[in-house]
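Single-structure report; data block below.
The values are calculated or read from the model by the stated rules, or taken from the named source; none is laboratory data. Small disclaimer: the values here were computed from a predicted structure and weren't measured. Cβ placement follows ideal geometry from the backbone for every residue including glycine, while neighbour counts extend to all protein chains displayed. Calculation scope for accessible area: heavy atoms of the full protein, side chains included, ligands and nucleic acids excluded. Shrake-Rupley method; radii C 1.70, N 1.55, O 1.52, S 1.80 Å.
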Amino acid sequence: MKTVPDDWPYADEPAVCAACGSDDDRYVTVDTLGLVWGAATRGGLAPTEVGDYGGTLEFRCCHDCWTDEGVEVLDDARTLVAREGRGEPGRSFALDDEKVAAAAKLDAERVAVDDLRPLEFRSDPEREHVRSQDETVETILEAWFER
């Protein structure tokens, strides 16, 4: 059983549309987006505030927000990084504008933590690498929202 820290803004379960709050019977549930990308949601945790955890978020989205508001671009998304340039060593990565814009429509208080894994079992170099990535994600998200 996962234990989400009490001071995190996330819901216990994805009970309503994370975008508009509707409890419409027509909805989809997404549970693939990585925990650090919650920073793109309204009120979500910054990646460096996630601490020694990894995991995924889960949210529900009503049919109207899914289609009319463009949230469907988050279907099966694990990241908000653009496809081009991903995984190329030494190359800075860019965000996928459509995915970040869709995530920004979600309210963190309506998004739940689906999977939560402590990083305590990783070696110190692995944890430092994860934290370094988190800092990079935080920086690029801040820059995206400032433009």
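Structure notes:
- Length added when fully stretched, L119-R131, from 0.36 nm per residue minus Cα-Cα: 3.3 nm
- Extension gain, D75 to E13: 0.36 nm times the residue separation minus the Cα-Cα distance gives 20.5 nm.
- Residue-normalised accessible area of the chain, expressed per residue, 1.4 Å probe, Å²: 57
- In plain terms, the C-alpha convex hull of the chain casts an average shadow of 9.1 nm² when viewed from every direction.
- Rolling a 1.4 Å probe over the protein heavy atoms of the chain, with every protein chain left in place, gives an accessible area that is 44 percent carbon and sulfur.
- Probe 1.4 Å - accessible area at E49, Å² to nearest ten: 110
- Cβ-Cβ FRET estimate between F145 and T3, R0 fixed at 25 Å, reported to 0.05: 0.25
- In the chain, the DSSP-assigned H stretches of four residues or longer account for a calculated mean residue ellipticity at 222 nm of -7500 deg cm²/dmol, using -39500 (n - 2.57) per stretch and the full residue count as denominator.
- Look at the alpha carbon pairs under 8 Å that are at least 6 residues apart: their mean separation over the length of segment 1-117 gives a relative contact order of 41 percent.
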